[in-house]
Amino acid sequence: MIKNITGAVLSLAIATAPLSVAVQAETGKAGKLARSAKKTQPAKQILRKGFRGGIFDQPVYNPATRSYFELATVKGRGYRPDFNWEEARAAARQRVWRGVHGHLAIVKSRQVHDFLRYTFRSSRSAWIGLRYMCAFNTLIWVNGDIQKRSGFSYWASEWYQGTLSRANDQPPCRGAGWYWPVYYENVSKGFRWVAKGKEKKFVAYFVEYNTGKR
């Protein structure tokens, strides 16, 4: 069974100004700093009808990855689980933030995992950009990278639906074209990875925008 590996330090530099420019700092510069600080405030909590907490449909910047993450939801289709993994992947690609198209989130470190958990505090299960491909007996991210057994993971104790062949550590498949997409359980259930059949549907999915800057 895939094992967990647990693995940002923020620093703040304060510069001092000469007394001769104190008045200037109190006027023009102070106003500029105030506006800048306002822009970097944490995203406010957005409560949509049918949801009981969490930040939804609001990208938030992660300095460690230099990308934005968003807990996106299915819009205009009611408030029932409505996207399978393929639909969520397509929807993520259509979303744009700061001129960059998104993709289902890639979670390769404990830092990113903790960022998603404690920033968004999702009350809903949500897809991520990982799936188990039966044809290759391999977990693959949406960018084509292979999820290594030695890499970070955060699996639930029972991450499959049905029975697991412990002889080869492979979930049951219905053919070479079958795959098992992965999602995060909601926070109340531990925010762990779970894999389900590709027909499974959820209303939420994590999107990442690789902007390279804020």
Above-threshold pairs, the threshold being 26 Å between Cα atoms, out of Lys75/Lys108; Lys108/Lys200; Lys75/Lys198: Lys75/Lys108
Simple label model, 7 Å out from Cα along Cβ direction - Asp145 to Gln111, nm: 1.2 nm
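No value in this document is a laboratory result; all are computed from the given coordinates. All values derive from a computational prediction rather than experimental measurement. Here Cβ is always computed from backbone atoms with ideal geometry, including for glycine, and neighbour counts include all displayed protein chains.
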